[in-house]
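Please treat every number below as a calculation from the coordinates, not as lab data. The structure displayed is predicted, hence computed values, not measured ones. Every residue, glycine as well, gets a Cβ built from its backbone with ideal geometry; the counts of neighbours run over all protein chains shown.
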């Protein structure tokens, strides 16, 4: 391929690229032009729809309904506003549209875009004014249909109210006159509505319809709530008040103090509130009436709970009144008996002032409890407080008494344990002496060739500890802490002597049996004889453990495992 060919192909590619770019630019320009054409067409359409046939039609309807000065003024105002839209606002929009079309023809798209946006806002503003005007006109042209529909619904609701009233007329006896007067007012309002509609007084019709709606709404509330108000105010609450007064009088005669409930004051205030409710009911004002009467009814219902609470409190108070007196008297007697025995206790036992001071504390608490008890009983006798309060006071006092009782029982246990410890120490003294005698008998039952020196040392220590124990028991006052220490020491040392003698005798017997058993092999084995000689020497010196070991070593030479056999034979 020659150089000329390459150049020719390059030129063709260049021309094709330029041609393609021109086509794309043309297509883009065409799309943009089409877009602005559509926007201008939409603006033209929106302008033409600002004043539609409906607004002219509705305005013509109003012209046929004019029969008073007020309607004439409204009609003239609407004509004036419509004229302004048609002759001032729309021409401005038309001029703006012409200007936009000129800019479009000049293909100045940069300037065209903001002008279109401005005109869209202007058209929207004028269209809103037109729609608002149409809505105002339709309020008149459609008012008859709309008001007729509303009145039809109100009449239907009114008939239901009337039917309910006549079917239960006795329930409304106390407010019959104001209710029937209100029925007459509703009937007059319906008549007034018809007259206004006949005269095309549409500006007044809306007010009349609202007045009818409000009156029927109020009547509906009255018809629904008045029977409840009447039965609560005339029957339920007065019956409650009478019953409450009767119960109050009876309980006060029985000694109950009910002043804290303020019953008389609350009855007076309740009666005032009921009179106020019925005063408002006579003018058919029921606002919060049901709520107020229910609150009063709930209050009187709550009094029954308070009465039951007082009766229960009285029963509990009387039970505590008896039990506290009995218990306090019993504790006082025990406390006095203990205080009378203080000197004997001091003589018999080494008690510190701190240990004995608890008796003074208990005595003081009992005196305080009896004083508080007398005060509460005096308050009850004079009827100063309600039983619910006296009950709480007595429970607090009972709690104090229980704590004092626990403290006294603990003291009694503590003092009682002193005698128990002394008695137990004397019993253990006899037991310790018995164990020591058993130890001595064990030693005598087997004549040991030599008594171990350690036995005499331990025996002396045990005897000394027993003597110290006896001396402590003979002391007055006795220190229980020291006595318990002496008992523990004497018991431990005596058991040590007993165990020492027992082990020594047992070991000596086994050693003797082993030596006797080994003598049969003396003549046969020289080594056996040597070990047995060592065993005998240790035995007569009192070294029974060494003697046993030597004897076993001797016999093991001829009878391995002899220890087990010897132990079985010994047992």
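Assorted remarks:
- Average Cα contact separation per residue, the stretch 146-287, under 8 Å, 6 or more apart, as relative contact order %: 33 percent
- The distance between label points at residue 94 and residue 297 comes to 7.5 nm (points 7 Å beyond Cα on the Cα→Cβ vector).
- Cα convex hull of the stretch 146-287, projected area averaged across orientations, nm²: 10.5 nm²
- Extension gain, residue 166 to residue 430: 0.36 nm times the residue separation minus the Cα-Cα distance gives 84.1 nm.
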